[in-house]
1. Angle check, please: helix 56-69 long axis (alpha carbons) against the longest principal axis of the chain (alpha carbons), in degrees 0 to 90, nearest 10.
2. What angle do you read, to the nearest 10 degrees and between 0 and 90, between the alpha-carbon axis of helix 111-122 and the longest principal axis of the chain?
3. Using only the alpha-carbon atoms, how far is helix 27-40 inclined from the longest principal axis of the chain? Give it as 0 to 90 degrees, nearest 10.
4. What nm value, rounded to one decimal, do you get for the distance between Q47 and R22 when each label is placed 7 Å out toward the C-beta?
5. Once every DSSP H run of n ≥ 4 in the chain is given -39500 (n - 2.57) and the sum is divided by its residues, what mean residue ellipticity at 222 nm do you get, rounded to the nearest 500 deg cm²/dmol?
6. Apply the Karplus curve 6.51 cos²θ - 1.76 cosθ + 1.60, θ = phi - 60°, to the phi angles in segment 79-90 and return the couplings in whole Hz, x for Gly and Pro.
7. Could you tell me the relative contact order of the chain? Use alpha-carbon pairs under 8 Å, at least six residues apart, and round to a whole percent.
8. How much net charge surrounds I31 when only the other residues with a Cβ under 13 Å from the Cβ of I31 are counted, with Lys and Arg +1 and Asp and Glu -1?
Amino acid sequence: MSPAKVRITREVSLEELKQRYRREKDPRVKIRLHMLLRIQDGASARQVAREHHSSHSAVSNWVQRFNEEGFRGLIDRSRQGRPAKITEQELKELLALPPSHYGYDLPAWTPRAIRVVLQEQFGINYSLASIYDVIKRCHFSLITPRSQHYKQDPEKVKAFKKT
């Protein structure tokens, strides 16, 4: 038993698909439009899948979304990720106070210091790379001293708490 032929059932001309394809800036949507162009031109979903190094079901899904939602269906939907361990507001409140408030002898916040404070004060574990993402998400920027003026030893960061 062969699978049902994937077809575009929405009223759209080949010329309209070509125009949309030429104007599209989003590379993912452009690929999906090309899939539709090939299907509208008579190619099978399996052929299109091979051409795009994709699966038959992926091509079928995009055609189905186009049939149901039109061109808007080709745009990526927002995806939910893992919830943040600390809210933007909580981080802003943390960084509003100097490191000395938490008992650290540092002139300013560093990503490593933020990581240590989050771990010790709030029990939140972030990788150093994730700290940079959190800082960016909160619209903060890092001002780093030049290395010849101030060198921070990674081992020193673990022991920068005042005694």
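1. 90 degrees
2. Once rounded, one gets 80 degrees.
3. That works out to roughly 10 degrees.
4. Here the answer is 2.3 nm between the modelled labels.
5. Working: 8 runs with 81 residues, N = 163.
When only DSSP H runs of four or more count, the value is -14500 deg cm²/dmol.
6. My calculation for segment 79-90 gives 10, 8, x, 5, x, 5, 6, 9, 6, 4, 5, 4 Hz in order.
7. Values: 109 pairs, mean separation 27.3, N = 163.
Relative contact order, the chain: 17 percent.
8. Values: positive: R20, K25, R28, K30, R32, R38; negative: E24, D26, E51, D76.
Overall, the nearby charge balance is +2.
A short reminder: the numbers here are calculations on the coordinates, not readings from a lab. Just so you know, these numbers come straight off a predicted model, no measurement behind them. In this analysis, Cβ positions are derived from the backbone assuming ideal geometry, glycine residues included, and neighbour counts consider all displayed protein chains.
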